[in-house]
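Undergrad: First, the structure itself, so that you have it in front of you.
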Amino acid sequence: MKGAKSKNSIQKINFRSKFAFWIGFAAVTAGVALQLPMYTNAASMGYRLVGMHMDTSMDYGMLLVIFGLATTLWGLMPPKVLREHSDFHLRVRALDDAPINKTHIALLFVMSIAVTLDVMKPTVLSFVVPGVAREYGLKSPVNPGGTIPVALLPLSGIIGTVLGSFLWGWLGDKIGRRASILMAGITFIATSACGSMPSFWMNCIMCLLMGYGVGGMLPVLFTLMAESIPARHRGWLMVLIGGDIAGAYIITSALASWLVPHYSWRILWLIGFPTGFMLIFLNRWIPESPRYLINQGRYKEAESVMKRYGAVAIREKIIPNDVETKIRDQFKQLFRKPFFGLTASLGLLALGAGFVEFGFELWIPSNLQHLGFTSKDSFAILRNAALIGFPLNFLLAWIYGAWSSRKTIIVLTLLTAASMIGFLFAGDTIVQHKVWLYVLLVVPIWGVSSVISILSAYAAEIYPTRVRSRGSGLVAGFTKFGGVLVIALVVFAIAPPSIAATAIMGAVPLILATVLITFYGVETRKRKLEEITEEQLANISFNVNEQPIT
C-alpha cells in the first residue's frame, strides 16, 4: 500500500507519481541553471542587466521551469485511496503524554532551518528595493525623480504571498504537511531565477511566482509542529522556533551587507537556489503529522509515526458523535461559529503586523539611505538592531509557554504598537540620535517578527485538524494582505513611505486587535489540541444525522 513505512521507519509521501516528481525537479533545476549565465557574464558591468534581452537559453529555461513546477505538483497530488476500515480509533492524545525524544528534536531542528529559509525570501524584498530602484531608474526614497514606482516589485511579491497562503493552506490539508514542504523547496529553486531577469517587469513576474511558492509554507510548518509536539511543550517550542523569523532578518541583513556591494542586489535572489536543495534534502527527517494521517484514514501509518515519537498508540471504540468529525474541511468553516470571532481577531492583528513588516520594515533601508546613510551602513544598522533583539526570543518563548498564550499576544502587540508611536513622534530627526535609533528599531524588527511567529503558533493551535492548515494559511494571508494594502498606497502615491507614515499605519490596527483578542482569544497553554476544539464546539448544536457544521 502507498504510504507504507520505509526502512528508516519514516513514513513515505503518498505520491501520485514519484517519477513525475523527480522529472519535474530535474526540469526546474535545469531551467534555473540556464538562467545563470546571464548573471555571471555581466560581472564586468557590476552585474547590471538593465537594457539587455533574454537569450534563447533563458527562454528555454523559463519553459523548463514552468513545466517542472506543474509536473512536480501533479506528482505530489495523492491518488484517491480508500480509507482503512476500522472499528477502533487511535487515541492521538497519547502524543501529548510522550516525552521529548530524538524524533522530536530532529523535527524541531529541521523546522527551525525551514522557517529561516522560508522567511528569508520575502525579507529579501526590503534589501533589494534600493538596488532595483537605482539600476532601473525607478521612483523610490533613494531616487525620487523616477516615474515608475519601485514599489511595484514588492507589491507583486506580496500579492503572490497572499494567494500563496491560501494555496498552501489548501495544499497542507490536501496533499499533507510534509509534501507541501517538499513542494516549497522546488519553488525556492525555481524563483531564484529572479536574480537573472534583465527587465524590471520580468522581475515583477518572478517575484509574484516567488510569493506563490513561499507565501504559506510558514503556517504549514507550524501546523505540523502543533500536531506533533506534546501539549506541555508545544507553545514555548513553537514560539522559540518561530524566533527564527527574526533570525532570518539577521541572516538576510548580514548577507546584504556582505554580498550586495560586490555582487549587486541580484545575489540575494540567487541564494534561493542552494537553499531550495537544502529544504528538499532535510525533508527526509520530517515525519508526517499523525493527526493528519488519522484524518485521512491512514491508521497504520499514523500508528507507525506515533511510535517514532514514543507514543503508545491506544485503540478505542469509535465515538459516533466525536465533535471533530463534524467539521467541514472548507475555508468557509473558519468564518462560522465558533471560529468567527477568533478569525476576525487574528485577521486584524495579522493585518497590523503586515503593515509593520511590509510598510515600516520594507522601506526602512531606503529611508535610512534617503536620510544620509550608505547602503552598507543602513544594512549594518538593521542587522545590529536585529541581533540586539534576537536574545529576547528565548524570554518570549518561556513567557508564552509558562504564563499565558493569549496574554503574551496582547502584551507583545501593545509593545510593538508603542514603538511605532515612538517613531511617529521622533520622525526623521531620529537619525541624529543613533542610540535612540537602535532602541526604537529593535522593537519593531524583533517585535513584529515575534508577533508573526506567535500568530503562526497560535493559529495552529486553535483550529481543528481538518481545517488547521487552512486556518493557519488564512492568518498568514491576512499578514501578507496588510502588505498589499500598504504597498499599494505607495504605488498609487496615496501615502509616502516615510518613517512616520508607515509607523502610524502599523500602530492603529495593532491596538484595535488587542481589544478583540481580549474578548475572543482562547487560552492554549499546555492544553491538548482536541481539548481546545471540544471546548470551542461544546455549545454548538448538530443535527440528528450528525452532519458537519454548516
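Only the coordinates and a few stated rules stand behind these numbers; no lab work does. Because the structure is a prediction, the values reported are computed rather than measured. All Cβ positions, glycine included, derive from the backbone under ideal geometry; neighbour counts span all protein chains shown.
Undergrad: Angle check, please: helix 375-389 long axis (alpha carbons) against the longest principal axis of the chain (alpha carbons), in degrees 0 to 90, nearest 10.
TA: Once rounded, one gets 30 degrees.
Undergrad: Now for a different question. Throw me the Rg/Rh for the chain, computed over C-alpha atoms with Kirkwood Rh, two decimals.
TA: Dividing the radius of gyration by the Kirkwood radius yields 0.97.
Undergrad: While we're on this one: Can you compute the FRET efficiency between residue 488 and residue 344 using 1/(1 + (r/R0)^6), with r the Cβ-Cβ distance and R0 = 22 Å? Round to the nearest 0.05.
TA: Approximately 0.50, to the nearest 0.05.
Undergrad: What's the angle, to the nearest 10 degrees (0 to 90), between helix 299-308's Cα axis and the longest principal axis of the chain?
TA: That helix lies at roughly 70 degrees to the long axis.
Undergrad: Seen from all sides and averaged, what is the projected area of the convex hull of the Cα atoms in the stretch 338-468, in nm²?
TA: About 8.8 nm², averaged over all directions.
Undergrad: Follow-up. Once the piece of chain linking residue 435 and residue 395 is laid out straight, how much longer is it, given 0.36 nm per residue of separation minus the C-alpha distance between them? Before the final figure, lay out each step's value.
TA: Values: separation 40, 0.36 × 40 = 14.40 nm, distance 2.31 nm.
Once the chain is fully extended between residue 435 and residue 395, it gains 12.1 nm.
Undergrad: Could you give each residue of the stretch 193-209 its phi-based ³J(HN,Hα) in whole Hz, using Karplus coefficients 6.51, -1.76, 1.60 with θ = phi - 60°, and x for Gly or Pro?
TA: Working through the residues one at a time gives 5, 4, x, 10, 6, x, 9, 5, 5, 5, 4, 5, 5, 5, 5, 4, 5 Hz.
Undergrad: What residues qualify as long-range amide H neighbours of residue 16, i.e. H under 5 Å apart, gap of 5 or more or another chain, H built at 1.01 Å from N?
TA: Amide H neighbours of residue 16: 76, 77.
Undergrad: Then there's this: So if each residue of separation counts as 0.36 nm, and I subtract the Cα-Cα distance between residue 277 and residue 262, what length gain in nm does that give?
TA: 3.0 nm
Undergrad: Based on the Cβ-Cβ distance from residue 425 to residue 113, what FRET efficiency comes out when R0 is 45 Å, to the nearest 0.05?
TA: It comes to 0.70.
Undergrad: Continuing with the same structure: From the phi of every residue in the stretch 463-478, what ³J(HN,Hα) in whole Hz does the Karplus formula 6.51 cos²θ - 1.76 cosθ + 1.60 yield, where θ is phi - 60° and glycine or proline is x?
TA: The phi angles translate into 9, x, 4, 5, 10, 4, 5, 5, x, 5, x, 5, 5, 4, x, 5 Hz.
Undergrad: For helix 392-402, report the angle its Cα long axis makes with the longest principal axis of the Cα atoms of the chain; keep it between 0 and 90° and round to the nearest 10°.
TA: Taking the Cα atoms of the chain, the angle to 392-402 is about 20 degrees.
Undergrad: Here is a follow-up. For the chain, what is the charge dipole size about the Cα centre, in debye to the nearest 20, if Lys and Arg each add +1 at the Cβ and Asp and Glu each add -1 at the Cβ?
TA: I would put it at about 1160 debye.
Undergrad: Could you work out the helix-only [θ] at 222 nm for the chain, with each DSSP H run of four or more residues adding -39,500 (n - 2.57) and the total divided by the number of residues, to the nearest 500 deg cm²/dmol? Walk me through the numbers on the way to the answer.
TA: Values: 24 runs with 364 residues, N = 550.
Rounded to the nearest 500, it is -21500 deg cm²/dmol.
Undergrad: Under a no-solvent Debye model with one identical scatterer per Cα of the stretch 201-290, what's log10 I(q)/I(0) at q = 0.15, 0.16 Å⁻¹?
TA: Here log10 of I(q) over I(0) equals -0.78, -0.87.
Undergrad: Rg to Rh ratio, the stretch 145-260, alpha-carbon atoms and Kirkwood radius?
TA: Values: Rg = 16.5 Å, Rh = 15.8 Å.
Value, to two decimals: 1.04.
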